[in-house]
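Below: the structure, in structure tokens.
Just so you know, all these numbers are worked out from the coordinates, no wet-lab data involved. Owing to the predicted nature of the structure, the values given are computational and were not obtained by experimental measurement. Because the Cβ atoms are built from the backbone with ideal geometry, glycine has one as well, and the counts that use them run over all protein chains shown.
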């Protein structure tokens, strides 16, 4: 118990020990996240399959439970093909940038009380910076592949990320105003002041904007134009194969998990549950916070699949007009109203 | 634009409707059949792999008239006969190139004796063409495997008509039916 507490709070006076603990934390977070990525692909296929009255993967293991492992092995041992006319150094670095930029966002996410690798005061800004950096991986991949499909995919992706980044940033400003902090742990704690324990209720407009921007940010349906299968084959990673493709794939899924975590932390109260619920059923206090956190994250990931199984792809100009003409004005109006209410109270 | 339309747009009614539908569908049974484990029985009269009928005495019913080979639109039936003792016709070879067959069952209809049939067996994929070039022995064993006994008889009654008795003259037609028996 002593060791566990030290690991969690990194409060040891010995700095060497602190670094070791941080590495242990990183190993835990990356290991668990990669497992989640693998099984996110499995559940995506399962959920969408059942929504389309199919079964999804059924062959590898019981109900296809080992399918992601088989997929991973296949991707790992596949031939690594680099197009002859590609810009090779850029081609090779692009997936690494995409993966590392998304992965480093994991550092500031508080998974439960006190468990966060880097409890920095600009957590939210850091995540914005990292998700913008991930766009570089996409754009570089599109450029370096020297293929018209990848290039179009990269261009679309850059335009989309830039326009939706604005809406997403503005939507979270309301949360920042209410909590008065950019530190994600502080934001979670700030929500405990309400009886419902969520910014979702006062900030429902921001939540709506955030969710729409979240879909666009992670290139998911209905905004999956950068990788529109039916028109661009696969988008920016057409020319990638084997492990390099897997890196992009992992980056996309980690991005999904991070966006879902941000939604949970900023709007759904993170690892906490509504205080009113705790008052009615005091026994719930015994449940570890990670359960609530993961449950809420799983709901958002399910939302991704659910929307993907339901909604067709947007037209590109509609996507842009939605981002600039609807979401950004909505987010701005939300900021104004939130500021006035906060000032008046 | 009426207020109703605006409300529809603002609250994304159509998308929510679609999402309830997909959620409902998630809890219905999938229509997929897990094929090799769960097989769907072929409909009665399904036209599958060919067979030559074996009579109860163990010999092929085929007499080698060659009508099946003549009617076959893809010309994949080969019949070779020779003259045996007592001027009987002996079927030396009876071969069907299954890969070229279009399963029209004209051969079944043309056969006056009901000697060639299409069984309801459909799982006979193989790695070589030779395995699907059926000679007389293979065709006879197909009958033993898939249609022997009662099943074959039922199939004859239901699906493999017409046969010789269907082409006989109706009773009331005035034709020469042999000398009237003397009273």
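Go ahead and set up a Gaussian network model of chain B, Cα springs under 10 Å, then flag whichever of B:17, B:145, B:39 fluctuates most.
Greatest mean-square fluctuation among the candidates belongs to B:17.
For the stretch A:110-189, what is the largest minus smallest coordinate of the Cα atoms on each principal axis, given in angstrom and ordered from greatest to least?
That gives 48, 25, 15 Å along the principal axes, largest extent first.
Let me have the relative contact order for chain B, percent, based on Cα pairs under 8 Å that are six or more residues apart.
23
Taking 8 Å as the Cα distance limit and 6 or more residues as the minimum spacing, I'd like the relative contact order of chain A as a percentage.
22
How much length, in nm to one decimal, is gained on full extension between residue A:73 and residue A:30, taken as 0.36 nm per residue of separation minus their Cα-Cα distance?
Contour length minus the Cα-Cα distance gives 13.6 nm.
Expressed in whole Å with the largest first, what are the equivalent ellipsoid semi-axes of the stretch A:200-345 derived from the C-alpha gyration tensor as the square root of 5 times each eigenvalue?
Here the semi-axes work out to 32, 23, 11 Å.
Given the options A:253, A:298, A:194, which has the most mean-square fluctuation in a GNM of chain A, springs set between C-alpha atoms less than 10 angstrom apart?
A:194
In whole angstrom, how far apart do the alpha carbon centroids of the stretch A:54-116 and the stretch B:33-62 sit?
So the separation of the two Cα centres works out to 49 Å.
I want to verify the translational diffusion coefficient of the stretch A:189-234 in µm²/s; compute it with Stokes-Einstein, Rh as the Kirkwood radius over Cα pairs, at 20 °C and 1.002 mPa s.
170
How would you rank B:107, B:65, going from fewest to most other Cβ atoms within 10 Å of each one's own Cβ?
B:65, B:107
For the stretch B:51-136, what log10 I(q)/I(0) values come out of the Debye formula at q = 0.12, 0.13 1/Å, with one point per alpha carbon and no solvent?
-0.37, -0.43
Contour minus end-to-end for residue B:40 and residue B:97, with contour as 0.36 nm per residue of separation and end-to-end as the Cα-Cα distance?
Separation in residues times 0.36 nm, less the Cα-Cα distance, equals 17.9 nm.
What's the FRET efficiency of residue A:193 with residue A:325 using the Cβ-Cβ distance as r and R₀ = 41 Å, to the nearest 0.05?
The value I calculate is 0.75.
With an 8 Å Cα cut-off and a minimum separation of 6 or more residues, compute the relative contact order for the stretch A:185-327 in percent.
35
Across every pair of different alpha-carbon atoms, what Kirkwood hydrodynamic radius in Å does the stretch A:36-83 reach?
11.6
What fraction, in whole percent, of alpha-carbon pairs in chain B exceed 19 Å separation?
70
What area, in nm² and to one decimal, does the C-alpha convex hull of the stretch B:1-93 cast on average over all directions?
14.4
Taking other Cβ within 10 Å of each residue's Cβ, how do B:104, A:266, B:111 sort, fewest first?
So the residues, fewest neighbours to most, are B:104, B:111, A:266.
Exposure proxy check: B:87, B:50, B:121 ranked by fewest other beta carbons within 10 Å?
If I rank by nearby Cβ atoms, fewest first, I get B:87, B:121, B:50.
Can you grab the distance from the C-alpha centre of the stretch A:233-266 to the C-alpha centre of the stretch B:134-156, Å, no decimals?
57
For the protein assembly as shown, what is the calculated [θ] at 222 nm in deg cm²/dmol (nearest 500), taking -39500 (n - 2.57) for each run of four or more DSSP H residues and dividing by its residue count?
That calculation yields -17500 deg cm²/dmol at 222 nm.
Once R0 is set to 41 Å, what does the formula 1/(1 + (r/R0)^6) return for the Cβ-Cβ distance between residue B:30 and residue B:126, expressed as a FRET efficiency to the nearest 0.05?
With a Förster radius of 41 Å, E is 0.85.
Have a look at A:286, A:134, A:107 and tell me which one the Gaussian network model of chain A (Cα, springs below 10 Å) gives the largest fluctuation.
Of the options given, A:286 has the highest mean-square fluctuation.
Please work out the Cα convex hull volume for the stretch A:154-195 and give it in Å³ per residue.
Taking only Cα atoms, the stretch A:154-195 has a hull volume of 80 Å³ per residue.
Please average, across the residues of B:5-17, the number of beta carbons from any other chain that are within 10 Å of each residue's own beta carbon, and give a whole number.
Rounded to a whole number, the mean comes out at 1.
For the protein assembly as shown, just run the numbers: alpha carbon Rg, then divide by 2.2 N^0.38 Å, N being how many residues it has.
1.49
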